[in-house]
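Heads up, the thing below is written out as structure tokens.
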Amino acid sequence: YTFEGKTIKLGNDVNLAKTVGEETVLWTPVGLYSRGYKIDIPFKGTFDGQGHTIDGMQVSGAVEAGGLFGNLNGATVRNLVIGVNSSVTSTHISAQVGSVAGLTVKSRILNCTNRTAVSSPGSTNVYVGGIAGRMSMDGYIGGCKNYGAVSNPTAYVGGITGSTSKADTVVNCVNYGGVTGRD
């Protein structure tokens with residue numbers, strides 16, 4: 001289900017931290033994308049965090065598009081904080097990872113703040129950003145802040161986004177987090 005034409009409003013802060021025994025339960029990003037399996041089921045609605053914080057989100061493993069949202073297409077995400085006790089990392093050789101979204105196509109991310117680390121151990125076809133991993137086709141990120149460390153030693157990395165295309169726009173955003181990338 002893509003939620004096209006629907007608006008979801010977050011009513012309270014949410015803690016996604018969960019364990020089963022000693023194992024951490026990983027977050028499955030909303031909006032699926034897998035080039036290898038030819039899966040493209042993006043989130044197409046509007047998500048309004050209303051200034052609330054999502055914390056304890058753990059995204060890890062061979063995730064191709066990771067963050068709270070994996071794949072946005074024609075969507076809007078706004079007024080959201082990703083908390084410091086979250087973590088987003090991917091070991092996939094063709095990953096797109098950000099705290100809010102991994103991949104954005106024709107989507108808008110507005111007034112969001114990231115306070116957690118976003119990383120990938122590296123591959124030449126990986127995009128890592130504090131807010132969004134990879135933007136495409138008239139994407140827009142505005143009024144966002146990143147405080148989390150962002151790292152990818154071998155490919156594309158940025159405090160706000162790891163990659164933009166010519167038609168994408170990033171305005172009134174600021175990065176306070178450390179950024180580690182290739183030379």
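Only aspartates and glutamates eight or more places from residue 106 in sequence, or on another chain, were considered; those with a Cα closer than 20 Å are 4, 40, 48, 64, 138, 168. Relative to one another, the C-alpha centroids of segment 86-116 and segment 1-58 are positioned 11 Å apart.
Accessible surface of residue 57, taken over heavy atoms with a 1.4 Å probe and every protein chain present, rounds to 0 Å².
Dividing the convex hull volume of the alpha carbon atoms of segment 96-169 by its residue count gives 62 Å³ per residue.
Multiplying the residue separation of residue 169 and residue 138 by 0.36 nm and subtracting their alpha-carbon distance yields 10.4 nm. About the centre of its Cα atoms, segment 1-70 shows a dipole size close to 280 debye [charges on the beta carbon of Lys, Arg (+1) and Asp, Glu (-1) only; nearest 20 debye]. Ordered from highest to lowest accessible area with the whole protein assembly present and a 1.4 Å probe, 64, 23 read as 23, 64.
Legend: P(r) of the chain from all alpha carbon pair distances, 5 Å bins from 0, whole percents, reading 2, 10, 19, 24, 22, 15, 6, 2, 0, 0. Sorted into 10 angstrom bins from 0, the C-alpha pair distances of segment 42-105 split as 24, 51, 24, 1 percent. Sorting 33, 176 by solvent-accessible area of protein heavy atoms yields 176, 33, largest first, with a 1.4 Å probe. Using the 1.4 Å probe convention, the accessible area of segment 69-158 works out to 30 Å² per residue with neighbouring protein chains retained. Between residue 18 and residue 93, the modelled labels are 3.3 nm apart [label points 7 Å from Cα along Cα→Cβ]. The charge dipole of the chain, taken about its Cα centre with unit charges on the Cβ of Lys, Arg, Asp and Glu (plus for the first two, minus for the last two), comes to roughly 380 debye. Taking the charge dipole of the chain about its Cα centre, with +1 at Lys and Arg Cβ atoms and -1 at Asp and Glu Cβ atoms, the residue from 178, 26, 162 reaching farthest to the positive side is 162. When a 1.4 Å probe is rolled over the protein heavy atoms, the share of accessible surface on the chain that falls to carbon and sulfur comes to 49 percent. Looking at segment 2-129, send over the antiparallel percent of its DSSP beta bridges, to the nearest 5. Of those bridges, close to 15 percent are antiparallel. Exposure check, 1.4 Å probe, all protein chains in place: residue 9 carries approximately 130 Å² of accessible surface.
The values are calculated or read from the model by the stated rules, or taken from the named source; none is laboratory data. What you see is a predicted model, and the numbers here were worked out from it, not measured in a lab. As a convention, Cβ positions derive from the backbone with ideal geometry for all residues, glycine included, and neighbour counts pool all protein chains shown. All accessible areas refer to the heavy atoms of the entire protein, side chains included, with ligands and DNA or RNA removed. Shrake-Rupley method; radii C 1.70, N 1.55, O 1.52, S 1.80 Å.
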